[in-house]
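What follows is a set of notes on a single structure, which appears directly below.
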Amino acid sequence: MTDDKRPIAPDDKIAIEDSPGAVVTPKVEEPLPFPEQTFEPAAPPPAPPPIPSGLESANPPPSTWQPAPLEPRPPWRPPEPSPTPVSAQTFDASPPPPVETFDARDLHPPAPPSPPALERVDPDHFAIAETDDGADTVLDRSFAWFGRIVGDQTELAESAAARAERALGWTSRVILFSVLLMLVFNAKSLQSWASTLPPQWGTETLRLVAGEWADRLQDAGFDEPRRRAHTAYEKSKAMGQGTRGAPQ
Amino acid sequence: MLFPTMIFLFFFLIVYVAAWSLERQNANRKFFLVLASWVFYGWWDWRFVGLLIGSALFNWWIARTIARTERRSTRKWLIALDVVLNLGVLAFFKYYDFFTAQLIEGLRFFHWERDVPLLQMILPVGISFFTFQAISYVVDVHRGKVPPAKSLLDVMLMMSFFPHLVAGPIVRASDLLPQFAQTPKLNRGMATHALLLIAWGLFKKTVIASELATGLVDKVFFDPASHGAVDLLAGVYGYAVQIYCDFSAYTDIAIGLAALLGYRFPRNFDQPYRSTSLQEFWRRWHISLSTWLRDYLYIPLGGGRGGLFSTCRNIMITMLLGGLWHGASWTFVAWGGLHGGVLSIERLWRQFKPAHWPKWPAIVGLIITFHVVCLSWILFRSESFDMALAYLKGFGNWSTPAMEVTPFLWLLIGLGLGMHFLPPRAVERVTQMFRNLPSPVFACGLAVVLLLVDAMRPEGIAPFIYYQF
């Protein structure tokens with residue numbers, strides 16, 4: 001203690017008499033970050049207008065209650081030093097446990113600004129719902145190993161932009177895989193379409209390539225699923241009508 | 001370029017790759033989408049691309065001028081000019097020959113025959129849709145509901161965007177412009193939903209609608225007099241299913257394509273044949289048109305504010321014009337008139353129904369509503385009143401055996417009607433199940449579905465019914 005009259009500052013070190021080696025930092029209230037406030041008593045309310053003669057009986061007399069004038073609040077002063085001797089106080093000299101710091105924005109990330117015109121009263125207005133990626137499902141967990149092989153990441157990403165990028169990658173892969181599968185198992189359709197194009201150099205080339213592609217896949221048996229499905233469908237169409245409409 | 005064709009598949013793949021590679025340059029992306037939409041439209045007839053561009057330019061300028069003008073009278077003149085010119089273009093292409101033919105008939109009636117030239121014009125595909133869209137944009141700017149578009153590019157894209165260009169849904173500026181202002185984003189739920197909608201739409205169009213059209217409906221409506229009551233009954237039920245599957249399939253595919261590019265369209269169908277009244281039917285059928293007619297025709301006429309008579313009058317005017325919007329033919333007007341009449345009767349019934357009368361079971365309302373709608377489909381599908389009358393007379397002919405309808409076609413009709421009684425938002429529920437599948441697994445499932453759809457579809461694909469409107 002250097003000066004008894006001076007209030008304890010936050011950086012002051014205090015030696016405990018019983019433990020000469022121990023030095024503690026006392027808890028001192030920080031000055032408030034806003035200026036001192038003083039309160040003025042409220043002005044008395046204006047007197048009510050006089051009641052015209054003849055109306056006294058219809059209107060009760062105005063109340064005579066007046067609010068008590070407010071005492072002015074004393075300006076804020078730093079607290080006086082404690083009268084208790086420092087030696088009588090118990091201080092925990094051990095360092096406080098580390099406080100896990102976190103950013104409140106992690107818990108409540110700011111919502112992206114949405115244009116006001118999109119906010120409709122009817123949440124059912126748009127045909128495509130605004131859904132997020134949500135939690136894993138049983139199906140997702142079952143096939144997660146397979147998805148990882150081709151680059152799908154099923155866990156939620158940190159930011160919306162990263163999630164959107166993953167969704168775009170996922171969508172592109174779905175489109176690419178399904179187009180490739182259709183090219184293999186449905187080559188006949190490509191051939192049929194190419195044969196309808198008007199004859200030009202480019203379309204003739206395409207027709208030849210598509211025809212060759214379809215023939216080779218047919219030899220390999222890749223057209224079998226489609227052919228079987230088509231036959232079964234035509235048979236079901238002919239059911240219950242005798243020979244009419246039977247597949248040719 | 002029809003959606004369920006190979007050429008459109010290649011077109012869309014190019015657009016998809018290019019659009020997402022321009023993801024971080026929104027203006028360039030929109031410019032590319034406008035160019036792609038013009039290619040899509042020009043594939044059918046490139047001469048009408050100019051009409052599309054001209055319409056977008058004109059409406060952009062009018063909306064911009066209205067927003068900058070403070071004088072109320074000038075704004076009114078501008079909005080009137082916009083509506084008149086838009087409807088004038090529509091009337092010229094769509095109704096010139098129709099009204100000229102009526103004029104010739106009228107003159108003949110008064111023995112004053114004249115040679116008035118018929119132009120036999122080709123109707124630009126989708127003109128009714130993009131004209132209505134343009135009118136709604138300018139009127140909304142005039143009413144202060146939406147701010148004018150920040151750039152001409154946004155208006156061009158709003159009117160030309162290829163998924164909705166030729167057969168709707170009529171997407172309003174308040175739905176699209178805010179989406180154009182920001183970089184589109186995709187999530188797996190949206191992508192899954194979009195792909196499922198496309199597959200579901202292809203199934204409805206290429207299997208159910210096409211099969212019913214070629215196997216039953218076209219034959220029965222071509223010559224109703226030579227068919228018995230069973231065929232005719234199956235024919236009208238089949239047409240009810242066909243037109244729903246055809247039009248809702250187009251809408252589903254359009255919504256799915258737009259979603260794959262990062263944009264969301266409003267719902268256009270919501271299981272319409274489960275309606276228990278005609279009023280409910282119009283809340284579920286072609287929602288973008290019915291809400292357009294409500295907001296820009298019925299309410300400006302006075303709506304339901306002026307008493308029962310004026311309400312019924314406004315309903316009738318709205319539905320008659322709604323019928324005429326579908327095509328230049330009196331059968332379409334009669335179709336609208338029938339709907340307007342029944343809607344008015346429903347309104348009167350609600351007003352004057354004795355309070356102590358019990359409420360009908362919902363199933364009764366559903367059956368009555370469905371058959372009223374089927375009756376109106378006869379007018380809608382028939383090429384003339386004579387054909388429609390012949391069709392109606394045929395319901396008394398129970399001696400002729402069924403020649404066209406087969407158990408398989410009954411099954412398709414049942415399937416088309418049965419899908420109205422699935423739980424609401426069934427595709428959304430399936431989306432929730434599948435959205436977290438790994439891409440190869442989902443792609444395999446999708447490919448199997450598409451393969452089956454392709455194996456089942458008949459050879460050749462007829463254009464969507466609403467292309468002609």
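Looking at segment B:187-228, which of the residues that are of a type in the set (V, I, T) and more than 21 Å from the chain's Cα centre (by Cα) is farthest from B:F434 (Cα to Cα)? Break it down stepwise before answering.
Of segment B:187-228, the ones of a type in the set (V, I, T) are B:192, B:198, B:206-208, B:214, B:217, B:220.
With more than 21 Å from the chain's Cα centre (by Cα) added as a condition, the list becomes B:192, B:214, B:220.
On the way: B:T192: 7, B:T214: 34, B:V220: 41 Å.
Residue satisfying both the conditions and the ranking: B:V220.
So in segment B:209-220, with the set limited to residues that are in contact (Cβ under 8 Å) with a residue 12 or more places away in the chain and surrounded by fewer than 24 Cβ atoms within 10 Å (Cβ to Cβ), which one is nearest to B:G394 (Cα to Cα)?
Within segment B:209-220, the first condition is being in contact (Cβ under 8 Å) with a residue 12 or more places away in the chain, and the residues that meet it are B:209-217, B:219-220.
In the following step, the residues that additionally are surrounded by fewer than 24 Cβ atoms within 10 Å (Cβ to Cβ) were identified as B:210-211, B:213-215, B:219.
Details: B:S210: 24, B:E211: 23, B:A213: 20, B:T214: 21, B:G215: 19, B:K219: 14 Å.
Here the residue is B:K219.
What's the total number of residues in segment A:164-181 that are under 14 Å from B:A199 (Cβ atoms) and more than 8 Å from chain B (Cβ to nearest Cβ)?
0
Conditions tested, residue by residue: (1) of a type in the set (V, I, T); (2) modelled with pLDDT under 90; (3) closer than 26 Å to B:D386 by Cβ.
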{"position": "B:T214", "(1), (2), (3)": "yes, yes, yes"}
{"position": "B:K219", "(1), (2), (3)": "no, no, yes"}
{"position": "B:S226", "(1), (2), (3)": "no, yes, yes"}
{"position": "B:L233", "(1), (2), (3)": "no, no, yes"}
{"position": "B:Y237", "(1), (2), (3)": "no, no, yes"}
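Taking the conditions exactly as written (surrounded by 15 or more Cβ atoms within 10 Å (Cβ to Cβ), within 13 Å of chain A (Cβ to nearest Cβ) and touching a residue at least 60 places away in the same chain (Cβ under 8 Å)), does B:F12 satisfy them or not? Write out each step before concluding.
Working: surrounded by 15 or more Cβ atoms within 10 Å (Cβ to Cβ): yes; within 13 Å of chain A (Cβ to nearest Cβ): yes; touching a residue at least 60 places away in the same chain (Cβ under 8 Å): yes.
Against the criterion (surrounded by 15 or more Cβ atoms within 10 Å (Cβ to Cβ), within 13 Å of chain A (Cβ to nearest Cβ) and touching a residue at least 60 places away in the same chain (Cβ under 8 Å)), B:F12 qualifies.
What number goes with the only condition from (1) more than 10 Å from every other protein chain (Cβ to nearest Cβ); (2) over 30 Å from B:A194 (Cα atoms); (3) without any contact (Cβ under 8 Å) to a residue 60 or more places away in the chain that B:P407 does not pass?
(1)
Has segment B:388-400 got at least one residue that is exposed (fewer than 12 other Cβ atoms within 10 Å of the Cβ) and of a type in the set (A, V, I, L, M, F, W, C)?
Applying the first criterion (exposed (fewer than 12 other Cβ atoms within 10 Å of the Cβ)) to segment B:388-400 yields B:396, B:398-399.
Narrowing further to those that are of a type in the set (A, V, I, L, M, F, W, C): B:398.
Within segment B:388-400 (the criterion being exposed (fewer than 12 other Cβ atoms within 10 Å of the Cβ) and of a type in the set (A, V, I, L, M, F, W, C)), the answer is yes, since at least one residue qualifies.
In segment B:225-249, which residue that is in contact with a Cys (Cβ under 9 Å, 6 or more places away or on another chain) and aromatic (F, W, Y) is farthest from B:V453 (Cα to Cα)?
The residue in question is B:Y237.
Among A:T137, A:T171, A:T203, A:T196, which is the only one that is β-branched (V, I, T) and modelled with pLDDT under 85?
The unique qualifying residue is A:T137.
So, B:R24, is that one more than 25 Å from B:L123 (Cα to Cα), assigned to a loop (DSSP other than H, G, I, E, B) and touching a residue at least 40 places away in the same chain (Cβ under 8 Å) or not?
Working: more than 25 Å from B:L123 (Cα to Cα): yes; assigned to a loop (DSSP other than H, G, I, E, B): yes; touching a residue at least 40 places away in the same chain (Cβ under 8 Å): yes.
The answer is yes for B:R24.
Give all pairs with beta carbons closer than 8 Å in which a residue from segment A:174-197 that is under 26 Å from B:L186 (Cβ atoms) meets a residue that is of a type in the set (S, T, N, Q); count only pairs at least 6 apart in sequence or on separate chains.
So the pair list comes out as A:V174/B:S439; A:F177/B:S439; A:M182/A:S189.
Please find, among B:W20, B:W38, the residue that is crowded, with 17+ Cβ neighbours inside 10 Å and farther than 18 Å from B:F129 by Cβ. So that I can check it myself, show each step before the final result.
Numbers: B:W38 fails: farther than 18 Å from B:F129 by Cβ.
Just a single option satisfies the conditions, and that option is B:W20.
Select from segment B:167-208 the residues that are closer than 24 Å to B:D154 by Cβ and facing chain A (nearest Cβ under 8 Å) and list them in ascending order.
B:S174, B:D175, B:L177, B:P178, B:Q179, B:A181, B:Q182, B:K185, B:L186, B:N187, B:M190, B:A194
The values are calculated or read from the model by the stated rules, or taken from the named source; none is laboratory data. Remember, predicted model here, so these are calculated numbers, not experimental data. Note: ideal-geometry Cβ built from the backbone for every residue, glycine included; neighbour counts use all protein chains shown.
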